[in-house]
Each structure stands twice: as C-alpha cells, then as structure tokens.
1. When a/c is below 1.5 the answer is rounded, else prolate if a/b is larger than b/c, else oblate, so apply that to the chain with a ≥ b ≥ c taken from the square roots of the Cα gyration tensor eigenvalues.
2. Which of ARG239, ARG205, ARG87 moves most in a GNM of the chain, Cα contacts under 10 Å?
3. Can you sort VAL42, VAL177, VAL125 by how many other beta carbons sit within 10 Å, fewest first?
4. Suppose R0 equals 51 Å; then what is the FRET efficiency for THR272 and ALA101 from their Cβ-Cβ distance, rounded to the nearest 0.05?
5. I need the per residue convex hull volume for segment 21-112, using only the alpha carbons, in cubic angstrom as a whole number.
6. Using a/c under 1.5 as the rounded threshold, could you call segment 90-204 rounded, prolate or oblate? The axes a ≥ b ≥ c are square roots of the C-alpha gyration tensor eigenvalues, and prolate needs a/b larger than b/c, oblate otherwise.
7. Specify the angular offset, from 0 to 90 degrees and rounded to the nearest 10, of the alpha carbon long axis of helix 26-42 from the longest principal axis of the alpha carbons in the chain.
8. Between ASP193 and ALA117, with labels modelled 7 Å along Cα→Cβ, what's the label distance in nm to one decimal, could you check?
Amino acid sequence: MTIRIASFNMENLFTRPLALSDEGRLAGRHAVEHHAELNTIVEKASYNQHDKQRLLALDDVYRFSSLNAPSNSYLVLNRIRGQLYSRARTGAVTVVAGGRADWTGWFELRMGEVTWAATYNTARVIAGVNPAILVCVEVESRPTLGRFNHQLLQAQFNLGYAHHMVIDGNDERGIDVGLLSRYPIRSMASHVDDLRPDGSHIFSRDCPEYWIALGDGSELLVLPNHFKSKRGGDTPAMRARRRAQAERAHAIALAGLRRTPYVLIAGDLNDTPAQPLFDSLWQDGFADIQSHPSYPADRPGTYGTGTAANKIDYLIMSPALQQRLQAAGIARQGSYHPTLWQPYDTVTKTSDEASDHHLLWADFDLPS
C-alpha cells in the first residue's frame, strides 16, 4: 500500500514574530540577534558593567524602560516582578537589577498575524499533495496546529488528520516542529535536553521521536528537525552546531533501527547536501529522496527559486525505507515565482505565499 509522507516548513500558521516577517530589513535581522543577546544577559546571576552598558544601549534602540514604548517595536520587555530599568524624571535611565534574582521577566519578539491568504494557501498546498503523514516545520504550538487542522484542512478542504502533535522545543520564539498523521502515534520522546560537551543544547528546536503504528503492527520512526539557520551570517559556530545536530540525529536514527527498519529524518536542515554536516547522515546507507529518479533534476531546491543551492529541506531514509520508495516530488504552487512555475490562482503576490519553502513529498510501499 502506498503511503505518502511529506515535509513542509510552514513559517508559522497564524502568528509570527514581526522581526522574522521583516527579516529582509536590517532592523528585523538585528532584532532577532538582540532578542537572543538580551535574554542571555538577563539570565546571568550577576550583571557586570559591560552587561549593564549593553542593556542601556539596547534600551536606546527599543525603549524598554519607557512607559510609552513604540507600538511598532520588534522587541518588548515582559516584566513580572521587580525592576530591570529605572527612568528618572530627567529621562536618565539606569539598570537597577544586579542579577537574575532581583527581578522576574524576559524579552519577547513582538508577534504579528500571518495573513489569511498565506494561511489559506498553506492549507491548499497540503491538500493538493494530500500526504498521510506530514512533518510540520515552524508551527507555533500543538493547539495552534490543531486549530489549523480543524478550521483549515478539515473545514476548507475536507482533509483533517486524526492525529496531530507538537512538543515544545528550545526556541523561545514559538518556532517548533510537529506532525500531522492519519496513522496513530504509538509513542514519542523528546531530545530537547541533549547537550553538547560545552553544556549547550544540541537542538535549536528538538529532534522528537514519533513512533507511528503501521497496518501490520510494524512501526515507522519519524524524526522531525529544524537545524540551526544561517540567519545573520553562516559563522563557524553556526556550522559547528548544525554538524552536531546532524550527528546526534543520525545517532538517534541508528538507535531507532534496533526497533524498526523504517526510520525517516525529515525537515528543514538549512544546508545543501554536499556540506560536511551531511557526512554523518549519509553513513550507514541513509539517503535523501533526491536519489530517486523521479525527483526533479532541473530545480532540486526546496526554497526560494528552487535552485540546487536552495536544497535545504529533506526526507532522509533508512536503507529499508529507501528500498520501498516509489516516487518523490516537490510542490511549489504555494510559492510566488510566476516566471518559473505556475502558482495557485490564490497566490498572486509574495505576501500571499504559503511559505518561501516548498513542500517535499515521497511515496512509500508500506503496510497500511
């Protein structure tokens, strides 16, 4: 029986940080970087003089200390108890907290609504491919994925899924990986706490294990992933983290082979197949669906204009799964590049796009 499995970076379903929506602008890119920097600083037990100077410098940009902070600011301060900043009547601002114990709060990226057209077209792309199992990259939460499942896929396209799951990951911006499935999720496990030797988290989000029950009692292990992005410049530290993520995902997949021969690593891995991070993933007979002759050779990419340099989304199969691969493809109709391919008639401009990623799919002969 043919089972279609797909992966799609949806770029959030209903809400998305404004800075990510405007990341083409310098201010948006800086806000994402500042968000991470600020939350790293305020988690320290003690703030040194350099920390305080940096908090003041960024207050000049975003006016966290003001009672009338700009409503269009990409970043906001969420203060629960105590004070981080103090503003005198003269307007002078100081950092009054000496460390984490002196106040409770954090910095957040301001959220904005995804347009109805983009959300609708996201569902339309999925409905057009109609996968039995969909790896969902960049979704806000399980309740949000449930609303999308019932209010868009089911109500608009008569294509609801019996099972949906998201495990909150390590990304504070609400960018997680999840699953829609017509087959029961028998068990699951999270790897949010897997650590590198320096004590930092391996996974930017998570590499959850979803054990899916197939028709004859066998199981399919799906490992959704979203590796560290290149946003802000592809630094050596970013490349090292992606490689660590690839090596750990490979180790989890190998462990899964002791229980089932059917293992799939899927998602947005944010790099091209020839990069060193894939040296681990190509070991032990694992292969991407790009290896199948039906996969598009002219534009193999899964992002932007679909060039080879934009091949960053994957369905990486264990050897037994590869033997059962029947066909593979890319659905691009939700992306607005009308000179390269025909988008859906509801995608008339870039802001209508389902995503700037394309949906990747594969058909497998598996027990159903």
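What follows draws every value from the coordinates through simple rules; no lab data is involved. Since the model is a prediction, treat every value here as computed from it, not as a measurement. Cβ placement follows ideal geometry from the backbone for every residue including glycine, while neighbour counts extend to all protein chains displayed.
1. Working: a/c = 2.03, a/b = 1.64, b/c = 1.23.
Cα axes put the chain in the prolate bin.
2. ARG87
3. Numbers: VAL42 20, VAL177 29, VAL125 24.
By the 10 Å Cβ count, ascending: VAL42, VAL125, VAL177.
4. Working: r = 45 Å, r/R0 = 0.89.
Efficiency for this residue pair is about 0.65.
5. Numbers: hull volume 8.8 nm³, N = 92.
That works out to 95 Å³ per residue.
6. Numbers: a/c = 3.37, a/b = 1.69, b/c = 1.99.
Here segment 90-204 falls in the oblate category.
7. That works out to roughly 70 degrees.
8. A separation of 4.6 nm, rounded to one decimal place.
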